[in-house]
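Just below is one structure, and these are the notes that go with it.
The values are calculated or read from the model by the stated rules, or taken from the named source; none is laboratory data. All values reported here derive from a predicted model rather than from experimental measurement. Note: ideal-geometry Cβ built from the backbone for every residue, glycine included; neighbour counts use all protein chains shown.
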Amino acid sequence: MLAQVGFGDSSVRLARRWALAGALCSSALLPAAEIPAAEIIEVSTSSSHRVKVAAEPNFAGTIELQVGVVVLADQLQVIDGRMIACRTANHWTPAEVLRARGRTLVQAYSEEDECSRQAACALAVFLNMQAKHQEDIGAASALRAYYMRIAIQEQLQVTDESLALIEREESRQQAIQKGGMAAGTDLSDFDRRRLEIQDLRVQLFNQDRQLQSLLAQLAKTDYSMASARQEQLDVFQNSLDCEHLKQIALATRCDIRGWKYLRQNVNETSAPVFAKMLSTMVGGFGLPIPTISKLKSLLCPPDYSDLANNMRRELDLTIETHRRWIVQAVEEKCHKLRAAYERITLAQQMIASWQARIEKLDQLDSMGKSEAEQSAAARVGLLKARAEEISRRIEARTAEVDLAEAVGGLSGRCCDGQPWLLTGS
């Protein structure tokens with residue numbers, strides 16, 4: 001089995017592989033115009049996503065999200081997930097396209113009558129709200145890649161320790177042979193183990209290179225892991241209020257707010273403009289409009305009241321469908337995150353079990369009663385458990401990003417320097 005990474009819908013996937021000596025690292029990633037104010041609702045945020053830099057304890061760094069890079073006294077960059085997410089949101093092409101279309105609409109109707117200009121402005125606001133939602137998608141994509149790079153570094157550390165374990169075991173077996181005793185292991189097996197782990201390291205380095213290239217495109221920030229300080233992949237098991245998170249999402253997500261705003265602005269004069277433009281802007285929404293000659297419109301002004309009523313009903317259906325989809329998405333991702341937290345606990349318990357086993361064997365060894373084979377097997381088991389725990393943490397962090405994206409407002413929280421995960425509790 002080979003460890004592979006593929007990019008699809010801005011998601012990254014890392015398949016599992018376990019090498020001999022138990023050091024295989026397994027992890028996976030599932031795979032602005034003026035906007036009306038959102039309904040105010042009390043929210044809580046997770047404190048686990050404040051900047052935590054992998055540096056010495058007395059390090060005191062600050063993040064300027066608008067600038068994008070912080071240079072310390074030692075000239076080492078500090079890059080945290082919020083900065084990467086914010087920069088990606090600010091350069092997210094789908095959002096830029098929607099905002100550009102809104103500006104084009106306003107300009108195109110600038111010479112029309114007042115009602116048409118107001119309708120065009122309402123459409124521009126709608127498009128800007130959809131663009132804001134797209135920025136959340138971009139921010140989430142960047143966060144997944146950012147944290148995956150950190151997980152890969154931890155995986156590489158485990159492979160380093162695996163190689164060191166192989167060297168120790170090989171030296172021990174060689175010493176046994178030199179002492180005139182038969183070795184219990186085929187020495188050529190160590191070479192095969194070493195090659196397998198080295199092959200895994202090549203793949204991990206290649207995956208990091210791909211993620212580095214992806215973030216350079218998304219966030220316009222190109223950095224190597226050795227040249228910058230990042231967050232640590234510490235995952236805290238937050239208490240989640242799924243029902244409250246659903247309320248937050250319905251009140252604050254810009255996509256559904258945009259549809260509600262458009263529905264509020266439907267009238268006899270705006271309906272024709274909306275119907276003509278929406279089918280080419282979003283999701284195939286559009287209503288056929290009969291062609292009316294200028295002379296006929298002067299003699300018999302058209303009655304668009306039926307069109308406006310039909311559009312209101314269609315938008316009501318769109319809003320309700322979208323509402324149900326948001327509720328389902330938040331609930332699903334909330335429960336998935338809870339399960340991911342539980343799996344971290346189980347993985348950590350496995351690590352503790354192996355550590356206790358090694359401590360016991362070390363005590364026996366100090367009394368001359370330990371067997372080297374058992375000690376080596378226990379250390380292999382510990383490396384396996386640590387690799388699995390890395391996998392569980394990146395899965396939980398990805399689930400946190402998924403939930404934050406589903407709730408909405410992710411890019412805004414990142415750019416404001418706030419904790420990006422809402423817990424609802």
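A Cβ distance below 7 Å, combined with a sequence gap of six or more or placement on separate chains, defines the contacts here; from the stretch 85-101, residues that are under 10 Å from Ala139 (Cβ atoms) reach residues that are of a type in the set (D, E, K, R) and part of a helix (DSSP H, G or I) in the pairs Ala89/Glu135; Trp92/Glu135.
Name the residues in the stretch 263-278 that are under 13 Å from Gln118 (Cβ atoms) and either crowded, with 20+ Cβ neighbours inside 10 Å or in contact with a Gly (Cβ under 6 Å, 6 or more places away or on another chain) (or both), would you?
Taking the stretch 263-278 as the starting set, the residues that turn out to be under 13 Å from Gln118 (Cβ atoms) are 264-274.
Across the stretch 263-278, the qualifying residues are Val266, Ser270, Ala271, Pro272, Val273, Phe274.
Once the stretch 208-233 is narrowed to residues that are in contact with a Lys or Arg (Cβ under 9 Å, 6 or more places away or on another chain) and of a type in the set (D, E, K, R), the residue that is surrounded by the fewest Cβ atoms within 10 Å (Cβ to Cβ) is Lys220.
A Cβ distance below 7 Å, combined with a sequence gap of six or more or placement on separate chains, defines the contacts here; from the stretch 404-418, residues that are farther than 13 Å from Asp80 by Cα reach residues that are basic (Lys, Arg) in the pairs Ala406/Lys333; Gly408/Arg253. Taking the listed residues Gln349, Gln374, the one that is among the polar types (S, T, N, Q), modelled with pLDDT under 90, farther than 21 Å from Tyr147 by Cα and in a helix (DSSP H, G or I) is Gln374, with no other qualifying. Taken over the stretch 234-254, the criterion of being surrounded by 19 or more Cβ atoms within 10 Å (Cβ to Cβ) and of a type in the set (D, E, K, R) is satisfied by Lys246, Arg253.
Given the structure, is Ile351 surrounded by 21 or more Cβ atoms within 10 Å (Cβ to Cβ), over 30 Å from Asp255 (Cβ atoms) and among the β-branched types (Val, Ile, Thr)?
no
Among the residues of the stretch 85-113, which ones are of a type in the set (Asp, Glu) and either within 33 Å of the chain's Cα centre (by Cα) or at pLDDT 90 or above (or both)? It would help to see each step written out before you state the result.
Taking the stretch 85-113 first, the residues of a type in the set (Asp, Glu) are 96, 111-113.
Result: Glu96, single match.
Looking across the stretch 91-125, just one residue is surrounded by 15 or more Cβ atoms within 10 Å (Cβ to Cβ) and more than 23 Å from Trp259 (Cα to Cα), and that is His91. Checked against (1) at pLDDT 95 or above; (2) outside any helix (DSSP H, G or I), Lys369 meets all criteria but (1).
Here is a yes/no grid of residues against (1) of a type in the set (Asp, Glu); (2) at pLDDT below 90; (3) within 22 Å of the chain's Cα centre (by Cα):
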site: Lys178; (1), (2), (3): no, yes, no
site: Arg193; (1), (2), (3): no, yes, no
site: Arg201; (1), (2), (3): no, no, no
site: Asn206; (1), (2), (3): no, no, yes
site: Gln210; (1), (2), (3): no, no, yes
site: Ser239; (1), (2), (3): no, no, yes
site: Ile256; (1), (2), (3): no, no, yes
site: Met281; (1), (2), (3): no, yes, no
site: Phe285; (1), (2), (3): no, yes, no
